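Worksheet for the structure shown next.
Values quoted throughout were computed directly from the atomic coordinates according to the rules given, and no laboratory measurement underlies them. Nothing here was measured: the structure is a model prediction, and the numbers come from that model. We place every Cβ from the backbone using ideal geometry, glycine too, and count neighbours over all the protein chains shown.
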Amino acid sequence: MFDKYPKKRGALPPEYEVIYARHYKENRLGLTKVSSLAKKMEAWMHRKVARDVAGATGTVPTLEIGAGPLNHLEFEKNTKPYDIVEPFRESFGSSPALSSVRNVYSDISEVPRGQIYARIISIATLEHVEDLPRMIASAGLLLREGGHLRAGIPSEGTLLWKLGWKLTTGREFKKRYGLDYGVIMRHDHINTAAEIEEVLQFFFRSVRCDVFGLARSFSFYRFYDCFMPEIGKCRAYLEKCAI
């Protein structure tokens, strides 16, 4: 079923490589006029993911996959303990929010055996993951009984999403650098929203989807709340990966 994984991301052309880190930081933090607008729209995903802990007290063990510059923590200021998976430490190294993080892992496989979470969350990350089934299967085994995987993603692969970035970030990028933003998008977003949903539905018995738009096929973003992981499938897939 998942023979196309792990996917392999090719190298960016040299003219893109020299500006990529700067562009990534500006985009995630909303430091340009257009990325600031995009950040306000993306707040929908952050709010949906954090809704289950609004007003929560006590401990709610949480793992965030793809924490980037830790910009989600402003939506979950009281969520503790809070661990993250983020391979690019330079993305959060200077963030004052780092003091709210208990453990930092470069890969989900580094999470110690026996560590479990009430919540595993992700915002605008799953579309980037080369071995998405391994990531989701691993997450399923890290959830305690009754735990949820909550993820926000762009509706990659749909017309509205493509028009959205072409008319905003794409135009700004072209004006600033004289380059085609589509090259960045094809490099970064290697999983479509439909592919992500397929993987989630394979490893979880209950998958609920909300959209920022009219329907899955006509939306900017999607939110998934996944419950009851298929433990047997998760273990079998990870064992297959280890062979």
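Picking from residues in the range 1-58 that are under 30 Å from Lys174 (Cα atoms), of a type in the set (Gly, Ala, Ser) and assigned to a helix (DSSP H, G or I), the one that is nearest to the chain's Cα centre (by Cα) is Ala43. Return a yes/no flag: does the range 226-242 have any residue that is in contact with a helix residue (DSSP H, G or I) (Cβ under 6 Å, 6 or more places away or on another chain), surrounded by 14 or more Cβ atoms within 10 Å (Cβ to Cβ) and closer than 21 Å to Pro154 by Cα. Yes, that holds for at least one residue.
Identify all residues within the range 81-98 that are in a loop (DSSP other than H, G, I, E, B) and buried (at least 16 other Cβ atoms within 10 Å of the Cβ); write none if there are none.
Taking the range 81-98 and keeping what is in a loop (DSSP other than H, G, I, E, B), we get 81, 86-88, 92-95.
Passing the criteria: Glu86, Phe92, Ser95.
Just a yes or no: is a residue in the range 155-165 touching a residue at least 24 places away in the same chain (Cβ under 8 Å), closer than 21 Å to Ala67 by Cβ and not polar (S, T, N, Q)? Checked the range 155-165: at least one residue is touching a residue at least 24 places away in the same chain (Cβ under 8 Å), closer than 21 Å to Ala67 by Cβ and not polar (S, T, N, Q).
Collect the residues in the range 155-193 that are assigned to a helix (DSSP H, G or I), more than 16 Å from Leu214 (Cα to Cα) and of a type in the set (Gly, Ala, Ser), keeping them in residue-number order. The answer is Gly170, Gly182. For the residues Phe223, Phe204, the requirement of being surrounded by 14 or more Cβ atoms within 10 Å (Cβ to Cβ), aromatic (Phe, Trp, Tyr), under 18 Å from Val129 (Cβ atoms) and under 17 Å from the mean Cα position of the chain (by Cα) singles out Phe223.
Inside the range 211-234, residues that are more than 24 Å from Leu141 (Cα to Cα) and of a type outside the set (A, V, I, L, M, F, W, C) make up a count of 5.
Put simply, of Thr62, Thr79, Thr57 the only residue that is β-branched (Val, Ile, Thr) and more than 22 Å from Ile153 (Cβ to Cβ) is Thr57.
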